[in-house]
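Step one of this worksheet: look at the structure below.
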Amino acid sequence: MRVGILAIQGDFAAHAAAVARAGADAVFVRRPHDLRGLDTLILPGGESTAMLHGIERDRLDAPLCAFLALQRPVLATCAGAILLARHVSNPPQRSYGALDIDVERNAYGSQLDSFETIAETPSGTPFAGLPCVLIRAPRITRTGPGVTVHARVHGDPALVSAGPIWAATFHPELTDDLRVLTAVLGAAKSVTEPRP
């Protein structure tokens with residue numbers, strides 16, 4: 001399985017290490033042709049404004065839109081979740097609208113306010129006891145009717161999905177827990193249509 005990781009800015013190296021631990025091949029996405037033949041894509045944490053500038057600079061905007069339109073499995077973490085949101089605030093910025101959520105940037109405070117916690121999860125969930133590392137994290141302020149909330153932090157949705165698209169406001173790649181990544185990889189294995 002080939003897992004693309006947007007490698008313009010942010011913690012893409014930590015995601016690559018997690019992908020390797022999960023037994024898949026990581027491919028750094030820096031140019032449009034890097035998106036070809038991927039089974040899934042990871043949009044990592046980092047700084048969303050800098051990532052948008054890099055996407056435009058490297059002519060990745062249209063190819064990324066085309067990949068998202070294919071409804072292939074995607075995992076977006078922290079800043080990546082901002083990129084996928086329908087609406088972004090604090091301050092407003094452009095996003096791809098691939099997931100029906102609204103997010104507030106830096107909602108939990110500055111870098112100094114970063115924290116770790118255990119997710120709040122429904123009874124019987126496969127994500128019980130999930131560790132969450134939040135670093136200048138966004139808050140999901142609205143989820144659309146087709147969005148499933150798998151875990152919460154301080155009562156706010158923190159791990160959500162709609163079909164094969166997943167978003168986390170925390171950094172699963174910074175822990176040894178691979179459940180979020182393996183859920184996305186499992187979705188990728190179930191896709192049978194030809195790859196782009």
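The values are calculated or read from the model by the stated rules, or taken from the named source; none is laboratory data. Worth saying up front: this structure is predicted, and the values here are computed from it rather than measured. Cβ coordinates were reconstructed from backbone atoms using ideal geometry, including for glycine residues, and neighbour counts include every protein chain displayed.
Could you check region 102-133 and list, in sequence order, the residues that are among the aliphatic types (A, V, I, L, M) and over 23 Å from Glu56 (Cα atoms)? Result: Ala107, Leu112, Ile118, Ala119, Ala128, Leu130, Val133. Would you confirm whether any residue within region 87-96 is closer than 17 Å to Val3 by Cβ and at pLDDT 95 or above? No, there is no match, as no residue in region 87-96 is closer than 17 Å to Val3 by Cβ and at pLDDT 95 or above. For Arg59, the conditions (1) among the charged types (D, E, K, R); (2) in a helix (DSSP H, G or I); (3) closer than 21 Å to Ala85 by Cα all hold with the exception of (2). Within region 1-21, the set of residues being out of contact with any strand residue (DSSP E or B) (no Cβ under 6 Å at 6 or more places or on another chain), closer than 17 Å to Ala76 by Cα and of a type outside the set (D, E, K, R) comprises Ile8, Gln9, Gly10, Ala13, Ala14, Ala17, Ala18. Among the candidates Asp11, Asp25, Asp39, the residue that is more than 17 Å from Cys65 (Cα to Cα) and touching a Lys or Arg at 6+ places or on another chain (Cβ under 7 Å) is uniquely Asp25. Each residue in region 12-21 was checked for being more than 12 Å from the chain's Cα centre (by Cα) and either in a strand (DSSP E or B) or touching a residue at least 12 places away in the same chain (Cβ under 8 Å) (or both), and 6 pass.
Checking Ala76, Ala24 one by one, the residue that is of a type in the set (A, V, I, L, M), touching a residue at least 24 places away in the same chain (Cβ under 8 Å) and farther than 24 Å from Asp100 by Cα is Ala24 and no other. In this structure, is Gly80 closer than 22 Å to Leu174 by Cβ, buried (at least 22 other Cβ atoms within 10 Å of the Cβ), modelled with pLDDT under 95 and not hydrophobic (A, V, I, L, M, F, W, C)? It is false that Gly80 is closer than 22 Å to Leu174 by Cβ, buried (at least 22 other Cβ atoms within 10 Å of the Cβ), modelled with pLDDT under 95 and not hydrophobic (A, V, I, L, M, F, W, C). Can you confirm whether region 104-115 contains a residue that is at positive phi and at pLDDT 95 or above? Within region 104-115, not a single residue is at positive phi and at pLDDT 95 or above.
Within region 108-162, the residues that satisfy the criterion of being among the aliphatic types (A, V, I, L, M), closer than 15 Å to Gly45 by Cβ and either surrounded by fewer than 16 Cβ atoms within 10 Å (Cβ to Cβ) or without any contact (Cβ under 8 Å) to a residue 60 or more places away in the chain (or both) are Val133, Leu134, Ala137, Ile140, Val153, Ala158, Leu159. The set of residues in region 69-96 being part of a helix (DSSP H, G or I), touching a strand residue (DSSP E or B) at 6+ places or on another chain (Cβ under 6 Å) and over 20 Å from Gln111 (Cα atoms) consists of Leu84 alone. Residue pairs whose Cβ atoms lie under 8 Å apart, sitting 6 or more positions apart in sequence or on different chains, and linking a residue in region 53-64 that is over 14 Å from Ser95 (Cβ atoms) to a partner that is polar (S, T, N, Q) and surrounded by 19 or more Cβ atoms within 10 Å (Cβ to Cβ), are Gly54/Gln9.
Pairs meeting the criteria (first residue in region 39-50 and without any contact (Cβ under 8 Å) to a residue 60 or more places away in the chain and buried (at least 20 other Cβ atoms within 10 Å of the Cβ), second residue hydrophobic (A, V, I, L, M, F, W, C) and in a helix (DSSP H, G or I), beta carbons under 7 Å, at least 6 apart or on different chains) are Leu41/Phe67; Leu43/Leu83; Leu43/Leu84; Gly46/Ala79; Ser48/Ala79; Ser48/Ile82; Ser48/Leu83.
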